[in-house]
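Contents: one structure, followed by commentary.
Please treat every number below as a calculation from the coordinates, not as lab data. Quick caveat, the model's predicted, so the values are computed rather than measured. All Cβ positions, glycine included, derive from the backbone under ideal geometry; neighbour counts span all protein chains shown.
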Amino acid sequence: MALTVTVTGASGFVGSHLCRALEEAGHTVRAMTRHPETYDGAGEPVHGDVSDRDSLRGALEGADAAYYLVHSLDREDFEDADAEAARDFSAAAAAAGVRRIVYLGGLGREDTDLSAHLRSRREVEHLLGGDGVPVTVLRAAIVVGHGGISWEITRQLVDHLPAMVVPHWTTTRTQPIALVDAVAYLVGVLEPAEAEGRVFEIGGPDVLTYAQMMQRASKVIKNRPLPMLAVPLLTPRLSSRWLSFVTDVDLETARNLIDSMSNEVVVTDDTIKRVVPRRLLGYDDAVRAAMAERERALSGSTRD
């Protein structure tokens, strides 16, 4: 059944691909953006900003469902900002008669000491449903695709460094997922009744440490191994400064991401496979797809 869907973060990494996939699936897409006059992606651009509660009414009016894909990493008070935005979005969605919210959150076991970033993601899960609209949650680790912050860190480290001094957090396990698979899951949980109000964990077929991710990415991208020297005393603060120096990720974002990298983020419940069955890309193929997308983007920029 064709639905009218509002997508927050429509011009972002996941949102831009999701809007296109939803249109291809036959849905009417309202691409929520702070700058509709410059939006050139899929769907109808509508003005909206999660930090401006008054703008949400128009963005959500007439929508059957809404995707919530925004979060803050580049500010010190991101927990308070994300909580306030989620409360406002919940109220606006209920007032507009939205029947389902789909949220992309983060993996991580709740019986562990979650980082501030992951705790904030869990808080947003609960706050989005505070006014009665059912929330379907997809929890993911790193989404591998061109333009994703976490993936860009991996790519740039591999691209810029012939060898790496690595801290202890690189031994933490994670379960990356290809962008195309994350988007397919997001589209797939939109309509099924059995997906309403549930939490699903999503990840690709490979469970890797961050060090293994970088080593395998180096073999795919550079066709060479990436020598590593472990330095256990490299603190998260020093690690974040190192990342912001070596890559183009700002210091606040790097700090928040590094804090989360001490948490193991792997799938412990694969129920999603029964609701949205699909064959998933392995990590190496996800890297190849991300690099191919980057090449297309760079070629387009060069022609322009």
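From the C-alpha gyration tensor of segment 1-73, pull out the three semi-axes of the equivalent ellipsoid (sqrt of 5λ each), sorted largest to smallest, in whole Å. Walk me through the numbers before you get to the answer.
Numbers: eigenvalues 61, 38, 24 Å².
With the √(5λ) rule applied to segment 1-73, the semi-axes are 17, 14, 11 Å.
Give the Rg/Rh ratio for segment 165-219, taking Rg as the radius of gyration of the Cα atoms and Rh as the Kirkwood radius, to two decimals. Please report the intermediate quantities before stating the final value.
On the way: Rg = 15.1 Å, Rh = 13.3 Å.
Using only Cα positions, Rg/Rh for segment 165-219 is 1.14.
Could you tell me the calculated FRET efficiency between ALA83 and ASN223, based on Cβ-Cβ distance and R0 = 41 angstrom, to the nearest 0.05?
On the way: r = 45 Å, r/R0 = 1.10.
Efficiency, rounded to the nearest 0.05: 0.35.
For segment 83-151, what is the convex hull volume of its Cα atoms per residue in Å³? Let's see the in-between values first.
Values: hull volume 7.4 nm³, N = 69.
Measuring per residue, one finds 107 Å³ for the Cα hull of segment 83-151.
At q = 0.11 Å⁻¹, work out log10 I(q)/I(0) for the chain with the Debye formula, treating every Cα as an identical point scatterer and leaving solvent out; two decimals please.
After summing over all Cα pairs, the log10 values are -0.66.
On a C-alpha basis, how far is the centre of segment 53-85 from the centre of segment 174-188 in Å? Whole number, if you could?
21
Compare the peptides 88-98, 176-186, 287-297 by average per-residue count of other Cβ atoms within 10 angstrom and give them in order, highest first.
Details: 88-98: 20.2, 176-186: 24.0, 287-297: 16.3.
Taking the mean over residues of other Cβ atoms within 10 Å, the ranking is 176-186, 88-98, 287-297.
Report Rg (one decimal) and Dmax (nearest whole number) for segment 1-157, counting Cα atoms only, units Å.
15.2, 45
Can you sort LEU298, LEU118 from fewest to most other Cβ atoms within 10 Å of each residue's own Cβ? Can you show the working numbers first?
Details: LEU298 11, LEU118 22.
Placing the least packed residue first, the sequence is LEU298, LEU118.
Per-residue counts of other Cβ atoms within 10 Å, averaged by peptide: what ranking do you get for 268-277, 188-197, highest first? Please list the in-between numbers first.
Details: 268-277: 13.3, 188-197: 15.4.
Top of the packing list down: 188-197, 268-277.
So what are the ³J(HN,Hα) numbers for segment 268-276, from phi and the Karplus equation (6.51, -1.76, 1.60; θ = phi - 60°), rounded to whole Hz, Gly and Pro as x?
10, 9, 9, 4, 4, 5, 7, 8, 10
Any chance you could run the full-extension gain for GLN156 through LYS273? It's 0.36 nm times the residue separation minus the Cα-Cα distance, nm to one decimal. Don't skip to the answer; put the middle values down first.
Values: separation 117, 0.36 × 117 = 42.12 nm, distance 3.22 nm.
Here the segment from GLN156 to LYS273 would lengthen by 38.9 nm.
Need one number: % antiparallel among DSSP beta bridges in the chain, to the nearest 5.
Numbers: 2 of 32 bridges.
In the chain, DSSP labels about 5 percent of beta bridges as antiparallel.
As a check on your grasp of the helix formula, calculate [θ] at 222 nm for the chain: sum -39500 (n - 2.57) over DSSP H runs of n ≥ 4, divide by the residue count, round to the nearest 500.
Working: 11 runs with 132 residues, N = 304.
Using -39500 (n - 2.57) per qualifying helix, the result is -13500 deg cm²/dmol.
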